[in-house]
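Novice: Right, I'll just put the structure down here and ask away after.
The values are calculated or read from the model by the stated rules, or taken from the named source; none is laboratory data. All of these numbers come straight from a predicted model, not from anything done at the bench. Note that each Cβ is placed from the backbone with ideal geometry, even for glycine, and that neighbours are counted across all protein chains shown.
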Amino acid sequence: MSMVVILLGPPGVGKGTQAVRLADSMGGEHVSTGDLLRAARRDGTELGKKSKELMDAGELVPDDLILDLVRDHLKGVAPEASILFDGFPRTTAQADGLDRVLEEAGRRVDKVVLFEAPDEELTKRLSGRRSCMECAAVFNVSFKDSEVDGICDRCGGPLIHRVDDEPETVMRRLEVYQSQTAPLVSHYENHDAKMARVSADQPADDVYRAFRTALGLDWA
Ligand code: ADP
Ligand code: ZN
């Protein structure tokens, strides 16, 4: 069964971890706009240059740039593939844009899953997060560290603490989430797609189980 799913929730809630795990298990496409933007920065593209300062400050990249990025990326995705959107949409304008892009492809958002955890937990996770510069894998010094300090288990690339995971920027990202992204919760409550809530304030395996249940998937 092929589906289009949006993983909604604040920074640090674990959307990426859950999206990767589910995409691996069902052979779907994980589309993280944060990862795509960081790739654009590494490649030194125009988009990468325009995004750098905003991202490092914890602000959002403008909607039109994000929508172009997503539309472009979806050209390389098989029309029947399941898609898991992570970190996108982040504004109601992006949500409307996504509906239009999907409609052009004869698809629509099937399900929205909202991941929730208290701010203290989010801040703790982000301050311990280490990200691979090569493959975007994430680790956490306080509960899921890499085998070798500073080296990615998956690809051997260098692990860094993202500039935007520094405490002041994390506070700003949480504010930006509250003001610009949280309105999507009521937006999707009134949308054809069905929204489910999952508590992310529990061990990753339990979150994964609840996530699958929310999507009506059984044990794989
Ligand atoms: P996290 O999942 O921890 O919030 P992301 O990797 O999703 O981090 O995003 C990092 C930064 O990239 C954001 O703070 C923002 O500047 C930018 N970004 C990512 N996705 C979007 C988006 N859909 N719209 C606007 N900006 C985005
Ligand atoms: Zn890696």
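Novice: Say whether the condition of being within 16 Å of ligand 2 (Cβ to nearest atom) and surrounded by fewer than 20 Cβ atoms within 10 Å (Cβ to Cβ) is met by at least one residue in the range 69-77.
Specialist: no
Novice: Here is a further query. Test residue 27 against the stated conditions and say whether it is of a type outside the set (S, T, N, Q) and crowded, with 19+ Cβ neighbours inside 10 Å.
Specialist: Judged against the criteria, residue 27 is not a match.
Novice: Name every residue in the range 6-45 that is touching a Phe, Trp or Tyr at 6+ places or on another chain (Cβ under 7 Å) and assigned to a helix (DSSP H, G or I), in order of residue number.
Specialist: Matches in the range 6-45: 15, 18, 21, 22, 33.
Novice: Looking at the range 104-156 only, could you name the residues that are in contact with a His (Cβ under 9 Å, 6 or more places away or on another chain) and closer than 30 Å to residue 72 by Cβ?
Specialist: The answer is 109, 112, 129, 130, 131.
Novice: In addition: Of all residues being hydroxyl-bearing (Ser, Thr, Tyr) and surrounded by fewer than 18 Cβ atoms within 10 Å (Cβ to Cβ) in the range 124-145, which is nearest to residue 202 (Cα to Cα)? Just the residue, please.
Specialist: That would be 142.
Novice: Right, something else. Residue 48 passes all but one of (1) out of contact with any Lys or Arg (no Cβ under 8 Å at 6 or more places or on another chain); (2) modelled with pLDDT of 95 or more; (3) surrounded by 14 or more Cβ atoms within 10 Å (Cβ to Cβ); (4) assigned to a helix (DSSP H, G or I); which number fails?
Specialist: Evaluating residue 48 over (1) out of contact with any Lys or Arg (no Cβ under 8 Å at 6 or more places or on another chain); (2) modelled with pLDDT of 95 or more; (3) surrounded by 14 or more Cβ atoms within 10 Å (Cβ to Cβ); (4) assigned to a helix (DSSP H, G or I) leaves (1) as the failure.
Novice: In addition: Against the condition within 16 Å of ligand 2 (Cβ to nearest atom) and more than 26 Å from residue 120 (Cα to Cα), how does residue 39 come out, does it pass?
Specialist: Against the criterion (within 16 Å of ligand 2 (Cβ to nearest atom) and more than 26 Å from residue 120 (Cα to Cα)), residue 39 qualifies.
Novice: Regarding residue 90, is this residue surrounded by fewer than 19 Cβ atoms within 10 Å (Cβ to Cβ), charged (D, E, K, R) and touching a helix residue (DSSP H, G or I) at 6+ places or on another chain (Cβ under 7 Å)?
Specialist: In short, no.
Novice: Which residues, counting only those in the range 1-37, are in contact (Cβ under 8 Å) with a residue 24 or more places away in the chain and farther than 26 Å from residue 185 by Cβ?
Specialist: Hits for the range 1-37 are 25, 27.
Novice: Quick test of your reading of the structure: residue 176 fulfils all but one of (1) under 18 Å from the mean Cα position of the chain (by Cα); (2) over 25 Å from residue 40 (Cβ atoms). Name the failing condition by number.
Specialist: (2)
Novice: Here are 151, 160: which of them is over 20 Å from the mean Cα position of the chain (by Cα), within 28 Å of residue 55 (Cα to Cα) and aliphatic (A, V, I, L, M)?
Specialist: The match here is 151.
Novice: Considering only the range 186-193, I want to know if a residue exists there that is under 26 Å from residue 112 (Cβ atoms), within 13 Å of ligand 1 (Cβ to nearest atom) and either touching a residue at least 12 places away in the same chain (Cβ under 8 Å) or not in a helix (DSSP H, G or I) (or both).
Specialist: no
Novice: So in the range 169-195, with the set limited to residues that are touching a strand residue (DSSP E or B) at 6+ places or on another chain (Cβ under 7 Å) and surrounded by 16 or more Cβ atoms within 10 Å (Cβ to Cβ), which one is farthest from residue 5 (Cα to Cα)?
Specialist: 184
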